[in-house]
Structures are given as C-alpha cells and as structure tokens.
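Heads up: the structure comes next, in structure tokens.
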Amino acid sequence: MGKILAIDDDITVQIVLQDLLESEGHEVAIASDGKEGIHQAEQLRPDLIICDWMMPQLDGLAVCKHVKANPALSSTFFILLTARELVTDRVIGLDSGADDFLSKPIDTEELMARVRAGLRLSKTLNDLQRAQSQLIQSEKMSSIGQLVAGVAHEINNPVTFIYSNLSHLQEYTQDLIDLVQLYQQEVNQPSEGIQTKLDSIDLNFMLQDLPKVIGSMQHGSDRIRKIVLSLQEFTHFERSGLQCIQINEALENTLLILGHRLQSNATHQQIQVIKNYGKLPAIESYAAQINQSFLQILNNAIDAIETSRLYSTSNPGCLTIQTENLSENRVLIRIADNGPGIPESVKSQIFDPFFSTKPVGSGTGLGLSMVYQIVVQQHQGSIECISNPEKGTEFKIELPTRIQSGKSSDRPSIKTENFALQQPE
C-alpha cells in the first residue's frame, strides 16, 4: 500500500478517486488545485500523484514540472488525468515529466492497474536511490577511513619515538640541572668568561623553565598519541564483522576527533560539551559504522550551533551527550544541541536520501540517511528526532546489546561488566 495524492478541481472526481483508492488500502490525500497540490506534495512526500491536466491557474503540466524539478519528489510516480487522446498531447505530457496517463471518464480497473504499476515502479526507484546513497556514502567513508588509518599509522611511529624518549630526556635534564646547581655551590668565584655567559643566558630562569618546557612537550606528545590511537580506534578498517565495543568510549573518541570544531577560533566561540555517561555494558556492533553515525550527528549538531551564532552571539553553543542502560539488552544515547532546531515542515524528511536543510553545495543529504540505515537496518535499533524551533534538536538512539542475526560462531564474546567514563572536574 502507498501514499497517494489526488489533485483535481472537480469534487466528484475527488470523491471517486478517494473512495476507490482507499478501498484498496491506500493512504489518500486530496488537493483541489495545482498550488495546493504542490504544497501537499512537498509536505506529504507521496509515492504516487494523480493530477488533472486541465485546472484553472496552475494546470497539471505546470504541477508535474514543479514536482519533477524538486529532487526530493523527482522519483514520485506522476499520472496525468486527461480526456485528451491525441499522440501530440501525450508527447507534451511526457516531455513535462509525466510517467503515465489515465483517461476520462475513469475506468475502475484501469485506474487500479495503473496505480499498482506506478507504486511498484516508485518502490523500485526508491530502493535504487537508497542503494545508490549507501554505495556513495560507503565508498566515501571507506576512502576517508583508509586515508585516516594510513596517516595515523605514519604519525604513530615518530610520535611513539618522541614520546618514549621524553622520559629519558627529562631524567637527563634533571641530572644536568643538579650538576649545574652543585657547581654553583662549589665554585663561588667563576671566571669572567663564565660570568658573562651566565648573565647572557639568565641561568636561574633557564633552570626553572626547562622542566616546564619538557613537561609541555610531554603533554603535547601525549595528546598527539591519544588522537592517533583514537583515529585508529575510530576507523577500525583493519577489522571486519561484528565487534564488542563500549559506547561511551566510542563517543569520547569521536569528540576527540572533533576537538578542533569545539574550540574557539576567529569566527566562533568555544562550544561547551556536557557529558552524562551512564554505566553501559559492551554492545555488539559494526564499530566503524556506529562511529560514523556518531560523527555525522555530532557534526550536524555543531553546524546547527554555528548557524545559530550567526544570528545571536549572546547564545553560547552547548552540546549535551547522555547515555543510559535501559534494560539488560538495550542502551540509549541522547545527543542534543541548542541550535535553531529543525522546522516541523521538514522534520519527517530528514532521514530521506539526498534531502538536506543546508544551503546548496554545503550538504549532500546522505548523512542522516546513512545514520538511519546504520542504526535501524544494520543494528536493529531505533532513532528519533525531537526538535523545537529556536530551542535545539535532540537525537535519541536506542541500540540492542546483541544483534539478533548471523551465526553464533561468528559473534564476539560480550563481557558483562559495565563501563563509565569519569566526568571532568
């Protein structure tokens, strides 16, 4: 069964179409003119449209052209309802984007046959579109993942060399400082050349500052090392199949990768991150895909916050991340922002392939579509979007701890202990 929009200015035809189509179990909406039809099509996103050719103001050809020009509606099967039988008229209709024609007066059997054929084709086109979006996004993420994994590996070797030698450098430096201080105690009257050098280098300041410099180097190299490890953990492209992961740890790795977007810069203030991690069991998942879904949602949240700042610099950005163990076999992840929110008119479309609320050229419309496929189809979970204009958007993701498919021999063992990250002071 499908969603069908019937557009006709004749109330009798409206009643006939609605009664016939609803008797077959279809969900039917009615529009009495072309303008209303376009509006309802954009809101309802029907699988099939039946539209009268001859209507005042905006005729069926104009409606068809408008519908087919909209990327979100271009795959909708469009039937023109007409009394015109000339080949030239049908050619004009096809050139305008019509997929089929239905002759007046309406024959019941012909109507239902054409609707069934149109819904089959519409479903096939939608399936192909979803498959295309999945292939595009999978190839994109695969290429990015391989690049990130390669770069992380190349960085890891020199960073490990630096990190492992800093402790020795700190020890040697402290020995030299102790030696210099011992010399100062033993030699009360240094030569003129030594005294000149001491004055020029400010030895006392150097002895105090050198351990701090080495400490900063250790802190920096430790941070680079953690980022590299997070990148390697995030991609997981060296592994395949189901794995046991800790959701809190995956979220932390994603936040670490997005750290540059959370910090203040020349155009944006720092975005505050509020974390409320619950104690969660390890869950069974496809790790790389789950990481990608978290990355997409958090990236969108940051985009929304930055957009809101264009209109109000007095509203500091804030991301809230909460995890909760719902039951023995289900966990909840909530990711919320205080951006401008998603308009109610498009909220039902955000998980559709190629739909984007971002300006042309700045979004592909594949991100949330892939998130939906990863969470719902791959992991048998659920995802819900809660949004209030001017207050922000929250995504609620529920995931099972174990995916109910596949061979038991292929599954990783799941540890039962809980995992929780400590909150920063």
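The values are calculated or read from the model by the stated rules, or taken from the named source; none is laboratory data. Keep in mind that what you see is a predicted model, and the values were worked out from it rather than measured. Methodologically, a virtual Cβ is constructed for each residue, glycine included, from the backbone with ideal geometry; neighbour enumeration extends over all protein chains shown. Accessible surface is based on the protein model in full, side chains and every heavy atom, while ligands, DNA and RNA are left aside. Shrake-Rupley method; radii C 1.70, N 1.55, O 1.52, S 1.80 Å.
Summary table below
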read-out: Rounded to whole Hz, the Karplus (6.51, -1.76, 1.60) HN-Hα couplings of the range 5-22, x for glycine and proline; value: 10, 10, 10, 7, 8, 9, 5, 5, 5, 4, 5, 4, 4, 5, 4, 5, 6, 5
read-out: Heavy atoms of D199: accessible area, 1.4 Å probe, square angstrom to 10; value: 110
read-out: Cleavage-rule hits (GluC sites (Glu not before Pro)) in the range 57-122: DSSP loop, at most 15 neighbouring Cβ within 10 angstrom; value: E85
read-out: Interchain or long-range residues, amide H under 5 Å from G381's placed H; value: V376
read-out: Distant-in-sequence amide H partners of G278 (H built 1.01 Å from N, under 5 Å); value: T323, E324
read-out: In Hz, Karplus ³J(HN,Hα) per residue of the range 120-126 (6.51, -1.76, 1.60; θ = phi - 60°; x = Gly, Pro); value: 4, 5, 4, 5, 4, 5, 5
read-out: Listed pairs K275/K391; K3/K391; K35/K68; K123/K396; K226/K391; K68/K391 exceeding 23 Å between Cα atoms; value: K3/K391; K123/K396; K226/K391; K68/K391
read-out: ³J(HN,Hα) computed for each position of the range 80-91 - Karplus, 6.51 cos²θ - 1.76 cosθ + 1.60, integer Hz, glycine/proline x; value: 8, 9, 8, 9, 6, 10, 5, 4, 4, 5, 5, 4
